1. Open to solvent by less than 20 Å² (accessible area, probe 1.4 Å) and more than 10 Å from the ligand (Cβ to nearest atom): which single residue out of Ala86, Ala66 fits that description?
2. From the list Leu192, Leu214, exactly one residue is more than 15 Å from the ligand (Cβ to nearest atom) and either closer than 17 Å to Cys336 by Cα or open to solvent by 10 Å² or more (accessible area, probe 1.4 Å) (or both). Which is it?
3. Against the definition (in a loop (DSSP other than H, G, I, E, B), open to solvent by 20 Å² or more (accessible area, probe 1.4 Å) and out of contact with any Leu (no Cβ under 8 Å at 6 or more places or on another chain)), how does Ser159 come out, yes or no?
4. Test Asp37 against the criterion of being without any contact (Cβ under 8 Å) to a residue 24 or more places away in the chain and out of contact with any Pro (no Cβ under 9 Å at 6 or more places or on another chain), and give yes or no.
5. Does region 305-322 include one or more residues that are modelled with pLDDT of 95 or more, closer than 17 Å to Leu135 by Cβ and within 18 Å of the chain's Cα centre (by Cα)?
6. Going residue by residue through region 131-148, is there one that turns out to be within 16 Å of the ligand (Cβ to nearest atom), surrounded by 21 or more Cβ atoms within 10 Å (Cβ to Cβ) and modelled with pLDDT of 95 or more?
7. Out of the residues in region 69-83 that are surrounded by fewer than 24 Cβ atoms within 10 Å (Cβ to Cβ), hydrophobic (A, V, I, L, M, F, W, C) and more than 19 Å from Leu39 (Cα to Cα), which is nearest to the ligand (Cβ to nearest atom)?
8. Only one of Gly219, Gly223, Gly241 is away from the ligand (no atom under 16 Å from the Cβ), surrounded by fewer than 17 Cβ atoms within 10 Å (Cβ to Cβ) and modelled with pLDDT under 90. Can you tell me which?
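The values are calculated or read from the model by the stated rules, or taken from the named source; none is laboratory data. A quick note: this is a predicted structure, and the numbers were derived from the prediction, not measured. Cβ atoms come from the backbone with ideal geometry, glycine included; neighbour counts cover every protein chain shown. SASA here: full protein model, heavy atoms, side chains in, ligands and nucleic acids out. Shrake-Rupley method; radii C 1.70, N 1.55, O 1.52, S 1.80 Å.
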Amino acid sequence: MVRMLILGTGNMAHRHAMEFASTEGCTLTAAVEIMPDRLATFCEMHSIPKGFTDLDEAIAWGEFDAAANVTPDAVHYPTTMKLIEAGVPVFCEKPLAPTYPLAAAMTQAAGEKGVVAMVNLRYRGLPVMQKARQLVEAGELGVIRHVDAAYLQSWLVGSHWGDWQTEERWLWRLSEAHGSKGVLGDVGIHILDFASFVAGQKPVSINCRMKSFLKGEVGQISGYDLDANESFVMSVGFDGGAIGTIHASRWATGYANAQKVAIFGTKGALEIEFESEAQTLRLCAVDDVHTQTWREVECPPVQGTYQSFIEAVRTGETLEPSFLRATELQHVLDLCFESDRTGATLAV
Ligand SMILES: NC(=O)c1ccc[n+]([C@@H]2O[C@H](COP(=O)([O-])OP(=O)(O)OC[C@H]3O[C@@H](n4cnc5c(N)ncnc54)[C@H](O)[C@@H]3O)[C@@H](O)[C@H]2O)c1
């Protein structure tokens, strides 16, 4: 039985708790959270026997086999390094760290210590994503020429996820000083992973433009400077010769949490739509390319990232999505900031 510790008990941690609790061969054994009331509520909700307000105390206690790091982005690095140092396998939330050098240091530390180190690029667990990858790999689309990918959210416009002006969980996401890399760091990493994984090609050049719009009267609320990017548009050159656009926004009214990915090749095309857990994959190939006919593709269930992590802990072999993959993506994200600052197209 893999005994899981959950570090950080905010919004996303509930999903981790539900996923791990329902995974065979896994039990929730402890949680760590700096806010005592939140910790107590979380432990009660998920029947977790042990709670700590300090990670060091939990490590000293030591009666767990693996940890899920669900703290804010800027906290991933120091806490994950402590876990790795203690020899604990880590399932860390994305983005792995605010910058590429920190992400690379985490990957190196995990490698040197020989611990399983995976990142929750959870859309890898979508049947549409895995099926689309198989179709591209099998050559159904021919040679990939063009990629068009978008991640669309609207929590700055609609109230469906609460009030960003008063809730701390949204305010830290809007503030660079609180470790946020904006929409690029938050969901850009997901859509970059999604598009390049399905296309089977890695980015080799990028040009990126991003924007933070004025929010509130002076761009500041409750001590949070609201300066992190909220929209970005990236043009990408891929190692297989394809080009593409990848973009994301928190201003995409009408979409709560949607991803749309289209891949166009010399023999066919596919199109994925994902919105709030509903997913479709459509294919236009063979004779259909002459009539622009799209057919929905059936996608068998696949293993989720949480379950892959438990499998990895049991075998001792890191599976994808790994720290290494997240670090490669982080390198691209860092270059996006430089490209936005200088206007240059940069080699990856
Ligand atoms: N993979 C996904 O699809 C997905 C979706 C949502 C969020 N996330 C990621 O999950 C992480 C958490 O996001 P969230 O929405 O739950 O944020 P949140 O602010 O709701 O929760 C973070 C929690 O961590 C706690 N915390 C901060 N420092 C800590 C420390 N040193 N030790 C223990 N607890 C600490 C905070 O008090 C808070 O309760 C982020 O990195 C985010 O990017 C991933």
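1. Values: Ala86 fails: open to solvent by less than 20 Å² (accessible area, probe 1.4 Å).
Of Ala86, Ala66, the one residue that is open to solvent by less than 20 Å² (accessible area, probe 1.4 Å) and more than 10 Å from the ligand (Cβ to nearest atom) is Ala66.
2. Details: Leu192 fails: more than 15 Å from the ligand (Cβ to nearest atom).
Within the list Leu192, Leu214, the selection yields Leu214.
3. Working: in a loop (DSSP other than H, G, I, E, B): yes; open to solvent by 20 Å² or more (accessible area, probe 1.4 Å): yes; out of contact with any Leu (no Cβ under 8 Å at 6 or more places or on another chain): yes.
Criteria met by Ser159.
4. On the way: without any contact (Cβ under 8 Å) to a residue 24 or more places away in the chain: yes; out of contact with any Pro (no Cβ under 9 Å at 6 or more places or on another chain): yes.
Against the criterion (without any contact (Cβ under 8 Å) to a residue 24 or more places away in the chain and out of contact with any Pro (no Cβ under 9 Å at 6 or more places or on another chain)), Asp37 qualifies.
5. No, because not a single residue in region 305-322 is modelled with pLDDT of 95 or more, closer than 17 Å to Leu135 by Cβ and within 18 Å of the chain's Cα centre (by Cα).
6. Keep residues of region 131-148 that are within 16 Å of the ligand (Cβ to nearest atom), which gives none.
No, there is no match, as no residue in region 131-148 is within 16 Å of the ligand (Cβ to nearest atom), surrounded by 21 or more Cβ atoms within 10 Å (Cβ to Cβ) and modelled with pLDDT of 95 or more.
7. Top of the filtered list is Ala74.
8. On the way: Gly223 fails: away from the ligand (no atom under 16 Å from the Cβ); Gly241 fails: modelled with pLDDT under 90.
Testing whether each residue is away from the ligand (no atom under 16 Å from the Cβ), surrounded by fewer than 17 Cβ atoms within 10 Å (Cβ to Cβ) and modelled with pLDDT under 90 leaves just Gly219.
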